[in-house]
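> Could you have a look at this structure, given as structure tokens, before my questions?
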Amino acid sequence: MAKPISLEKILFSQGFGTRRYCCDLVYSDLVKVNGALANDPEQRIATENLVVNVEGKDWEYHEKAYIVFNKPPNFECSHKTKHHPSVYSLLPSPFVERGLQCVGRLDYDTTGLLLISDDGQFIHKMTSPKKNIGKVYEITASDLITQTQIDHLLNGVVLDDDPKPCYATACQQISEKVLAMTIVEGRYHQVKRMMAAVGNHVAKLHRTEVGAYVMPHDLTEGQWRWLYPDDLKQLSQSVTT
Ligand code: URA
């Protein structure tokens, strides 16, 4: 069992602000612990299954945060955006305060499964090209998708910035213009450039899977959800060493 820690440290670790601000939240009667009003920031609390309520909102305590987000279009996966608002503006502010980062980026117009975490090792593991983690993208193309194009994607295409070809590791045609394609690397605009290299064009791009983890069907666009140990187990099973 983890050692109990002070309420002030708990609030700070979860992204509720500076130590001082977290103490002030408690002194202002704005914090409840497991349903009861807390008045001592030094009070030591067990963190297992802990729920704090801050300014009327319940928060599960998570030593490290791992979330899945269904990214809507027209948001950039960056804290310093160039042309569109940030995906972080769609998340509760404690997540930004505690330094959550996207686990690999999606283009501003790509939608779907985005993992976000503040666990540096996890982010590294999930994004390392050496780990061979498959990512499945549902591509809606502008033109009909032909078998020749699919064969070309599976046999490898050379993109203009690297002589080493990149491959689709699986392709499943869903309809005349829709293809589910798996890739293991994460090169810049990779799917769009691969489709252009075979003579087609991506009209819409949506990510549905990362490794063995499939986007929950009931997670609607713009919604996020905590990942729990079973989800993380599924993700770590996708990693090859
Ligand atoms: N490939 C792309 O072209 N865009 C993405 O957002 C992800 C993969």
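> Among LEU205, LEU227, LEU154, which is modelled with pLDDT of 95 or more, over 25 Å from LEU91 (Cα atoms) and not hydroxyl-bearing (Ser, Thr, Tyr)? Spell out the reasoning first.
On the way: LEU205 fails: over 25 Å from LEU91 (Cα atoms); LEU227 fails: over 25 Å from LEU91 (Cα atoms).
On inspection, the qualifying residue turns out to be LEU154.
Let's see how each residue does on (1) farther than 30 Å from VAL26 by Cβ; (2) in contact with a Ser or Thr (Cβ under 9 Å, 6 or more places away or on another chain); (3) more than 15 Å from the ligand (Cβ to nearest atom):
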site	(1), (2), (3)
TRP59	no, no, yes
PRO73	yes, yes, no
HIS79	no, yes, yes
LEU100	no, yes, yes
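> Just for strands (runs of 3 or more DSSP E) wholly inside region 159-236: which have at least 2 residues that are outside the structural domain of LEU114 (by TED's automatic domain parsing) and more than 25 Å from LYS64 (Cβ to Cβ)? Explain how you work it out, then say what you get.
Numbers: elements: 162-166, 170-175, 178-183, 202-210, 224-226.
Answer list for region 159-236: 162-166, 170-175, 178-183, 202-210.
> Separate question: List the pairs whose first member sits in region 179-192 and is over 17 Å from VAL214 (Cβ atoms) and more than 10 Å from the ligand (Cβ to nearest atom), whose second member is among the polar types (S, T, N, Q) and assigned to a strand (DSSP E or B), and whose Cβ atoms are under 8 Å apart, counting only residues at least 6 apart or on separate chains?
Qualifying pairs under 8 Å: LEU179/GLN172; LEU179/GLN173.
> On the given criteria, is ILE139 within 16 Å of the ligand (Cβ to nearest atom), crowded, with 16+ Cβ neighbours inside 10 Å and not small (Gly, Ala, Ser)? Walk me through how you get there before you give the answer.
Details: within 16 Å of the ligand (Cβ to nearest atom): yes; crowded, with 16+ Cβ neighbours inside 10 Å: yes; not small (Gly, Ala, Ser): yes.
For ILE139, the condition - within 16 Å of the ligand (Cβ to nearest atom), crowded, with 16+ Cβ neighbours inside 10 Å and not small (Gly, Ala, Ser) - is met.
The values are calculated or read from the model by the stated rules, or taken from the named source; none is laboratory data. Remember, it's a predicted structure, so these values are computed and weren't measured experimentally. In this analysis, Cβ positions are derived from the backbone assuming ideal geometry, glycine residues included, and neighbour counts consider all displayed protein chains.
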